[in-house]
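The values are calculated or read from the model by the stated rules, or taken from the named source; none is laboratory data. Worth saying up front: this structure is predicted, and the values here are computed from it rather than measured. For neighbour counting, all protein chains shown are included, and Cβ atoms are generated from backbone atoms with ideal geometry for every residue, glycine included. The area values use the complete protein model at the heavy-atom level, side chains included, leaving out ligands, DNA and RNA. Shrake-Rupley method; radii C 1.70, N 1.55, O 1.52, S 1.80 Å.
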Amino acid sequence: MVEKENAKLSAAQKAAQKKYDEKTKMISVKYTPVDMADYEKMRSFLDESGQSANQFIKKLIHDYFDPETKAAKEEENRAAEPEKPAAQSISASSVKEREGAEGGQEGKPGMGVLPEWLD
């Protein structure tokens, strides 16, 4: 009689699992010999942090697509970059002034002759 109950329970569990599996999605990652260094780094990190691969990958995906997380990462990257000088606008008059100061050479492209649309 116990076997019969276990068989029924097993059938019920199988049915429940099948129903649950229909609601879920799965993605797998396969590491080839070329990718083994990345796999080893990840495996080492997971062992040290105590996270499962599933938790780690889900967090990476969430952080990648989450606008707030993405904005914070971009701000971190901007703060870490050295400051670049501000871009200067170039106008026809500033080019003419510069060429006048540098003694522009007439008749050579870029050396004193401006295209018509800049005049």
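Overview of results
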| quantity | calculated |
| --- | --- |
| Test set (1) open to solvent by 100 Å² or more (accessible area, probe 1.4 Å); (2) over 20 Å from the mean Cα position of the chain (by Cα); (3) at pLDDT 80 or above; (4) not acidic (Asp, Glu) - GLN88 fails condition number | (3) |
| Long-range neighbours under 7 Å by Cβ, at least six apart or interchain, first residue at pLDDT 90 or above within region 1-30, second of a type outside the set (Phe, Trp, Tyr) | none |
| Subset tally (residues that are open to solvent by less than 90 Å² (accessible area, probe 1.4 Å) and either in a loop (DSSP other than H, G, I, E, B) or modelled with pLDDT of 90 or more (or both)) for region 46-64 | 9 |
